[in-house]
Structures are given as C-alpha cells and as structure tokens.
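These notes are about the structure you will find just below.
The values are calculated or read from the model by the stated rules, or taken from the named source; none is laboratory data. Note that the structure is predicted; figures quoted are calculated from it, not measured. Cβ placement follows ideal geometry from the backbone for every residue including glycine, while neighbour counts extend to all protein chains displayed.
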Amino acid sequence: MVINKRKSVNSGKRRMLVSYSFPDSIISEQFRMIQTNIKFSVAGDSRTFLITSAEDGDGKSITAANLAVSMAQQKERVLLIDANLRDPSLHYYFKISNDYGLTDFLTGRLPIEDVIYQTEIGRLDILTSGPYAHNPVELLGSNKMKELLNSALQTYNYILVDSSALLNVPDTKLLANQCDGVVLVVQNGKTKGEKAFEARKVLEFAKAQLIGFIMNQ
C-alpha cells in the first residue's frame with residue numbers, strides 16, 4: 001500500500017487530545033496502559049481494532065483519537081479511520097478538513113493515497129469519513145472496505161477504526177466482524193449495565209472478538 005499523504009494536520013491547539021497536549025499526564029499514562037493491555041489481550045497477528053460504544057455520547061471517538069495518538073507516540077505506525085459515516089467527529093479533534101475521505105475511496109471517486117492525512121504526531125495517519133453518504137451499510141460492508149483494511153496492514157502496525165454506536169445502526173456490526181478485535185467504551189454513570197450487556201451479545205452474534213472495555217470518566 002503506497003501512501004501519498006498530501007495534507008498535514010493543522011498544528012493548532014487540540015483541546016481534547018490529552019495524549020498529545022499533555023503526554024506526561026496521568027490520563028496519558030492510562031492510555032499507554034490501555035494500549036499495552038490491548039496488545040497482550042490478543043493472540044497472533046491481531047492489529048485491526050474497532051473502537052465503539054453501546055450508545056452515542058459514551059466518548060468512543062475521543063477515546064479512539066487519544067489511543068491512536070498514544071500508540072503513535074510509542075513509534076508505532078498507526079492509521080486511524082473514521083468509519084462513523086452518519087455522525088463523524090475525528091476531523092474536529094485533529095482540526096483537519098473532511099472535504100474528502102473514506103466515502104470517496106469506497107465509492108471509487110478517489111484512490112486511497114489521495115484521502116489519507118499525515119499528521120506530525122509520531123507516525124499517525126488519519127482517514128476521515130469524507131462527504132455524507134446515503135448508503136453507509138452498503139459501503140462499510142463492501143469488498144472495498146475489506147480491501148482497505150487488508151492493504152493497510154502492509155503499511156501500518158495498527159489500524160484503529162472509530163464507528164457509530166453499536167446499538168443504534170447496523171453499520172458497526174459489519175465492521176466488528178472485519179476487525180481483529182473490538183474495544184467497547186462505556187461512560188461512567190451514563191452507560192446502563194443492560195445496554196453494555198446487550199452490546200456484548202450483539203458482538204457475539206456478529207462473531208466479533210470483544211477484547212475489553214474502557215471506562216470513560
């Protein structure tokens with residue numbers, strides 16, 4: 001997979017990216033611990049991970065962003081993909097354009113080398129969601145999506161995929177089955193136990209591997 005990264009991340013302040021802005025903080029250390037736990041929780045050559053939650057508002061996207069930054073700071077080559085085609089947010093956190101991205105590649109409008117952004121954060125690259133698409137289920141379940149994940153493994157050590165909330169739409173079930181492991185983010189005091197349990201059952205039905213939970217404060 002040859003990447004021609006044309007745009008750089010704006011170096012403006014990233015207020016919510018604690019791993020970037022405050023690398024020596026306790027929270028940043030927790031993200032380093034999480035990435036270590038993920039590596040030891042999976043066997044073999046597992047390198048593609050879906051970050052999701054049971055419902056919206058549990059902090060999965062900012063968790064995925066901080067985890068990707070933390071991994072990149074440890075000299076890993078990381079691709080962070082915003083596969084939440086209904087309500088994307090990663091471009092806000094990294095202050096980059098979402099004029100084109102994943103949907104452009106999946107629909108064949110642009111080649112992959114034209115839609116990946118290179119950041120100055122370690123070896124982190126980002127694939128934003130791109131323009132709104134009316135058929136997210138079809139796109140995310142397509143052979144083009146599988147092609148993307150498989151070919152990216154030739155270039156990156158780890159691929160993190162941010163998605164829609166698991167219980168809201170069918171998109172995430174398709175992605176969960178394509179990734180090596182799934183990390184479920186739960187919001188302390190918000191995510192109800194029955195919702196987390198329901199999400200776990202959905203992942204089991206999708207034959208996806210749940211490797212752990214992240215409690216978001």
Point to revise | Options V161, V185: the member that is touching a Cys at 6+ places or on another chain (Cβ under 9 Å) and touching a residue at least 60 places away in the same chain (Cβ under 8 Å) | key: V161
Review point. If you scan the stretch 158-181, which residues turn out to be closer than 16 Å to A65 by Cα and either of a type in the set (S, T, Y) or at pLDDT below 95 (or both)?
Key: Y158, S163, S164, A165
Exercise for review: Take the residues in the stretch 128-138 that are assigned to a helix (DSSP H, G or I) and not acidic (D, E), then tell me which one is surrounded by the most Cβ atoms within 10 Å (Cβ to Cβ).
Suggested key: P136
Practice item. Answer with yes or no whether D87 is under 16 Å from the mean Cα position of the chain (by Cα) and of a type in the set (D, E). Key: yes
Practice item. Only residues in the stretch 197-210 that are closer than 19 Å to Q187 by Cβ count as the first member; pair them with residues that are of a type in the set (D, E), Cβ under 9 angstrom, at least 6 apart or cross-chain, and list the lot. Key: A199/E55; L210/E204
Exercise for review: Can you work out which of the residues in the stretch 33-85 that are more than 16 Å from T172 (Cα to Cα) and among the basic types (K, R) is modelled with the highest pLDDT?
Suggested key: R77
Review point. Would it be correct to say that E55 is among the acidic types (D, E) and either over 24 Å from Q187 (Cβ atoms) or surrounded by 24 or more Cβ atoms within 10 Å (Cβ to Cβ) (or both)?
Key: no
Revision key, fill the gap. If we ask which residues in the stretch 6-32 are part of a loop (DSSP other than H, G, I, E, B), of a type outside the set (D, E, K, R), modelled with pLDDT under 80 and in contact with a helix residue (DSSP H, G or I) (Cβ under 7 Å, 6 or more places away or on another chain), their number turns out to be 4
Exercise for review: Could you check, for the stretch 63-77, whether at least one of its residues is assigned to a loop (DSSP other than H, G, I, E, B), over 12 Å from the mean Cα position of the chain (by Cα), more than 24 Å from A208 (Cα to Cα) and without any contact (Cβ under 8 Å) to a residue 60 or more places away in the chain?
Suggested key: yes
Practice item. Sort out which residues of the stretch 94-120 are touching a residue at least 24 places away in the same chain (Cβ under 8 Å), part of a loop (DSSP other than H, G, I, E, B) and surrounded by fewer than 23 Cβ atoms within 10 Å (Cβ to Cβ), and write them in order of number. Key: K95, I96, S97, N98, D99, Y100, T107, G108, E120
Point to revise | Where D125 falls short, out of the listed (1) under 28 Å from A199 (Cα atoms); (2) among the charged types (D, E, K, R); (3) buried (at least 21 other Cβ atoms within 10 Å of the Cβ) | key: (1)
Review point. Can you tell me which residue in the stretch 146-162 is farthest from K173 (Cα to Cα), limited to those that are buried (at least 18 other Cβ atoms within 10 Å of the Cβ) and β-branched (V, I, T)?
Key: I159
